[in-house]
Amino acid sequence: MTHRKTSAPQGARTSERPAEIEELTLSTDIRIWKISKISSKSAPYQLRWVVAGKVCHSTFATTALAESRRSDLWKAMRKGEAFDVKSGLPESEIRQAKAAEAEKAEAKSDPAWWEFAREFMKRRWRTAAAKTREGFADSLAAAALGMLGDRPDAPELRAVRRAVRWVVVPAHADQEPPPDLEKVCSWLAENSLPLSSLKRSGIAEDVHYRLAYKLDGKLAAKDTYKRRRRCFNAAMAYAIQKRYLDESPLAGLERPATAASGPIDPRILMNAVQGREFLTAVSYVGSVHRNRGRRLVAFFACILYAAMRPAEVVALRLDDCHLPEKGWGVLTLRETRPVSGKKWTDSGQRHDKRGLKMRDPEAHRPVPIPPILVAMLRAHVKEFGTAADGRVFQNERGGLVGTSSYWRVWGGSSHPGIPAPQGGLTARWEAVRRPGDVHHGLAPLRPPRSRGGPTCQHVAGGHRPPLRRLSRQQ
């Protein structure tokens, strides 16, 4: 007797997407033959049986294994159990296999945070920029601190962050962790909380706290929290897409309120006199024969007069510069070379190669530059030449200008003689913490408004909130 039976895996979801239905053809017309020997060195013993006229067979290494399997099939046949015509297996074995498969799928649908972080990072790695990858790793590592539970033997928090940042790099998938992280990685792989634990309000609040605060308990910068939350939301969107979660667990949780960011500190803004004094101070850094400071005078001038980001200055090519002998010039910005670290870039180099920030990859931005910057760039190219690939700025070995290079010059210039707003000379550079702060000085140095003349927002690309705030103040 032969009949059909529809079987669906246990635990299959039926609400949103129909489960894959497999139709079994069962039969009780079964004959089991004796064990025979075949010419095979690895499995010379063959068991054959017939289900509804279809011959099925299995081979075994020893006669004892073959007899044991024949006994199992014989018992199922004596009980009157139906066999599947396609696979030749008893119906009970098929049900057991599907139950085990469903249990395995259910376990996979609730991965631990440790495994989920690696899965998500592998998915986003190909399409993300190096800086974005680093941002994802930082967010996943911060959230991991809230997914440790209350275990008293939990590793030190700094070690947990380092371990997560290391393990989410896809290139490390087949590598052993560093010796100092081996025990931490092993503990996290075994004890990291499952993703479903984020449904508990206490765990979700703890994760949110880790995104908003630093390890020392102080509130993280607002931009840091926004970046972490944005990356965490992307991870939750992926979890919802994979049906690990039904909704974002942090919906409704907000960063503790702080005072809104006010106007830019006027101490970091340079007027025309201060800008010239700063560039003069840069030119005196380092010895004469190495020209460490003079090599970067025009570099900082691009940040000061053209509102360029350091990564845009590093990538600037001579072919993209229009530098007339008199009057205004134009720099056409096409790419950036941000520093991310070797493990975050596809090339294995510290500098990534990207398009302009927040723009289409093929987009470019023309930047009008004043005559003083035109003259500085012409003098720089005349004295130092260009790199082999046409870049305007290069280090002493002809390579890319690294952050350490211009940071050393920045710190070594000591910035003497910058006039204070009240007059007199003072060292006010404790307020100017980084080279990028010179970017904000464009507003006081912008050209006078004239018909068809370049504006501050035009030079800076029209997307810098500090410049818009300055415009409202002025």
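The values are calculated or read from the model by the stated rules, or taken from the named source; none is laboratory data. For clarity, every value in this text was computed on a predicted model and none was experimentally measured. We place every Cβ from the backbone using ideal geometry, glycine too, and count neighbours over all the protein chains shown. For accessibility, only protein heavy atoms count, side chains too; no ligands or nucleic acids. Shrake-Rupley method; radii C 1.70, N 1.55, O 1.52, S 1.80 Å.
Name the residues in region 123-137 that are outside any loop (DSSP other than H, G, I, E, B) and within 8 Å of the chain's Cα centre (by Cα), would you?
Within region 123-137, R124, W125, A130, K131, T132, R133, E134, G135, F136, A137 qualify.
Please find, within region 386-412, the residue that is most open to solvent (accessible area, probe 1.4 Å) out of those that are closer than 19 Å to D320 by Cα, in contact (Cβ under 8 Å) with a residue 60 or more places away in the chain and aliphatic (A, V, I, L, M).
Looking at residues that are closer than 19 Å to D320 by Cα, in contact (Cβ under 8 Å) with a residue 60 or more places away in the chain and aliphatic (A, V, I, L, M), I get L400.
Exactly one condition in (1) crowded, with 17+ Cβ neighbours inside 10 Å; (2) more than 12 Å from the chain's Cα centre (by Cα) is not met by F120; state its number.
It fails just one condition, (2).
Which ones in region 283-313 are farther than 22 Å from H351 by Cβ and part of a helix (DSSP H, G or I)?
S283, R294, L304, Y305
Given the conditions (1) at pLDDT below 50; (2) touching a Leu at 6+ places or on another chain (Cβ under 6 Å), and given that V392 satisfies all but one, which numbered condition is not satisfied?
For V392, the failing item is (1).
Which residue pairs have Cβ atoms under 7 Å apart, sit 6 or more places apart or on different chains, and have a first residue in region 281-295 that is farther than 17 Å from G402 by Cα and a second that is assigned to a loop (DSSP other than H, G, I, E, B) and at pLDDT 80 or above?
S283/G293; Y284/G293
Within region 72-93, how many residues turn out to be part of a helix (DSSP H, G or I) and either open to solvent by less than 10 Å² (accessible area, probe 1.4 Å) or without any contact (Cβ under 8 Å) to a residue 40 or more places away in the chain (or both)?
Number satisfying all stated conditions: 7.
Tell me, which residue of region 273-303 that is farther than 13 Å from G411 by Cβ and of a type in the set (D, E, K, R) is surrounded by the fewest Cβ atoms within 10 Å (Cβ to Cβ)?
R290
Quick test for you: out of A100, A64, A129, pick the one residue that is of a type outside the set (S, T, Y) and either touching a residue at least 12 places away in the same chain (Cβ under 8 Å) or crowded, with 18+ Cβ neighbours inside 10 Å (or both).
The conditions single out A129.
So, in region 119-172, exactly how many residues are among the charged types (D, E, K, R) and within 20 Å of N191 (Cβ to Cβ)? It would help to see each step written out before you state the result.
Of the residues in region 119-172, the ones among the charged types (D, E, K, R) are 119, 122-124, 126, 131, 133-134, 138, 150-151, 153, 156, 158, 161-162, 165.
Keeping just the survivors that are within 20 Å of N191 (Cβ to Cβ) gives 119, 150-151, 153, 156, 158, 161-162, 165.
Going through region 119-172 one residue at a time, the tally reaches 9.
Given (1) in a loop (DSSP other than H, G, I, E, B); (2) over 24 Å from R276 (Cα atoms), where does P366 come up short, assuming only one miss?
So P366 meets the others, but not (1).
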